[in-house]
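I have placed the structure first, in the form of C-alpha cells, so that the comments after it can refer back to it.
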Amino acid sequence: MRKYTCDLSKNDVNDAMKYSLFSDGKRLRPALVYQTAKLFGKDDENIDRLAAAIEMIHTYSLIHDDLPCMDNDDMRRGKPSCHKAFGETAAVLAGDGLLNLAFETLLGGDHSEQYFKAISFIASCSGVFGMIGGQAVDVFSQKVCDEETLDFLTENKTSKLIMACVGSACIYCGGSSDKLDALLTFAENFGKAFQAADDLLDEEEDENLNFIKIFGRDGTEKRIEELNKAAKKAMTVFDNAEFFNELCDYNAARKR
Ligand code: GRG
C-alpha cells in the first residue's frame with residue numbers, strides 16, 4: 001500500500017461534498033425514482049442506488065452552477081454555496097467527486113441487463129446530450145432570446161435529469177415501452193413547469209434566458225398550467241398516479 005502525505009478521508013473536498021449533499025434540498029428527484037418504482041410494485045437496493053446517484057448528480061450540478069464562472073451564486077439551499085464555504089478549488093473538486101461517486105454507487109448494484117440499461121439512461125440524460133448540453137446553451141447563448149431556445153435549454157438543463165429519475169426506474173422495473181413513453185412525457189412537461197416555477201421564484205434580475213423574458217409573469221403562470229395539463233394527461237395510462245398529479249399542483253403553488 002502506497003503511503004500518502006495526507007489522509008484522503010479527512011480533507012476539504014470530502015467535507016464540501018457532504019456539506020452540499022446533506023443540505024436542505026427538496027429531494028424531489030429521489031422521490032420520483034421511488035414513486036416510479038412503486039407504480040411497478042418494486043422497492044429494492046438498486047432503486048436506492050438510482051435515487052442516491054441522481055441526487056448526487058443533481059447536487060454536483062448545483063455546486064458547479066453556483067461557481068463564479070457560471071451563475072455566481074452566494075447562497076444555496078439556505079446557506080452559503082459550496083465555493084463560499086470551502087473556496088472555489090474545493091467546490092470544483094467536490095462537484096467532480098459527487099459526479100464520480102454517483103457512478104461508483106450505480107456500479108455497485110447488480111449486473112442485470114435491465115439495471116445496466118437504467119444506468120446507461122442516467123448517463124445519457126446527465127451528459128452533453130442532456131443536462132450538461134442544456135447548461136452549455138444557457139451560459140453560451142446569452143444574447144439569444146426566443147421561445148425555441150428556451151424550450152431546448154429547459155428540456156435539457158432541467159427536464160432531462162427528471163426524465164432520468166422516472167426513466168431509469170421504469171427501465172429497471174421492466175415497464176412497457178408505452179409506460180416508459182408516458183413517464184418521459186410526464187417528466188419532460190413537469191420539468192419545464194418546474195423550471196418555469198423556479199424562474200417565477202427567482203427574484204434576481206437574470207442575465208440568462210428564462211420563462212419571464214419570453215412569456216412575462218402572467219404568461220409564465222399560464223404556461224405552467226398548460227405544461228401541468230400535458231404532464232397529468234400522460235399519466236392517465238396509470239391508475240395509481242396520485243403522487244405525480246399532486247406533484248404538478250405542488251409545483252404550481254410552491255414557495256421554494
Ligand atoms: C455540468 C459544469 C456543469 C454544470 C451543470 C446543469 C447545471 C450545471 C446546473 C443546473 C442548475 C439549475 C439551476 C438547474 C435548473 C433546475 C433547477 C430548478 C434546479 C433546482 O432544483 P431543486 O429546486 O433544488 O429541486 P433542491 O435544492 O431542492 O434540490
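Under the convention that each Lys and Arg Cβ holds +1 and each Asp and Glu Cβ holds -1, the size of the dipole of the chain around its Cα centre is about 600 debye. The modelled label-to-label distance between GLU204 and VAL139, using points 7 Å beyond Cα along the C-beta direction, is 1.4 nm. Near CYS145: Cβ cut-off under 12 Å, other residues only, Lys/Arg at +1 and Asp/Glu at -1. The net charge is -3. Each peptide in 48-61, 201-214 receives the mean, over its residues, of other Cβ atoms within 10 Å, and ordering these scores from highest gives 48-61, 201-214. With q set to 0.29 Å⁻¹, the log10 of I(q)/I(0) for segment 168-223, from the Debye formula over equal scatterers at the Cα positions, is -1.12. Each residue of segment 35-108 gets 97 Å³ once the volume of the Cα convex hull is shared out per residue.
What's the exposure ranking of LEU32, LEU107, LEU21, going from fewest to most Cβ atoms within 10 Å? By the 10 Å Cβ count, ascending: LEU107, LEU21, LEU32. Taking 23 Å as the limit for the C-alpha separation, the pairs LYS79/LYS213; LYS79/LYS143; LYS143/LYS232; LYS18/LYS84; LYS222/LYS255; LYS160/LYS229 exceed it in the case of LYS79/LYS213; LYS79/LYS143; LYS143/LYS232. Kirkwood analysis of the chain, using all unique Cα-Cα pairs, places the hydrodynamic radius at 18.9 Å.
Calculated mean residue ellipticity, 222 nm, the chain: -22500 deg cm²/dmol, from DSSP H runs (n ≥ 4) at -39500 (n - 2.57) each, averaged per residue and rounded to 500.
This model, with +1 at the C-beta of Lys and Arg and -1 at the C-beta of Asp and Glu, gives segment 171-256 a dipole about its Cα centre of some 300 debye.
Throughout, read-outs are computed from the coordinates displayed, never taken from laboratory work. Since we're looking at a predicted model, the values are computed, not measured. All Cβ positions, glycine included, derive from the backbone under ideal geometry; neighbour counts span all protein chains shown.
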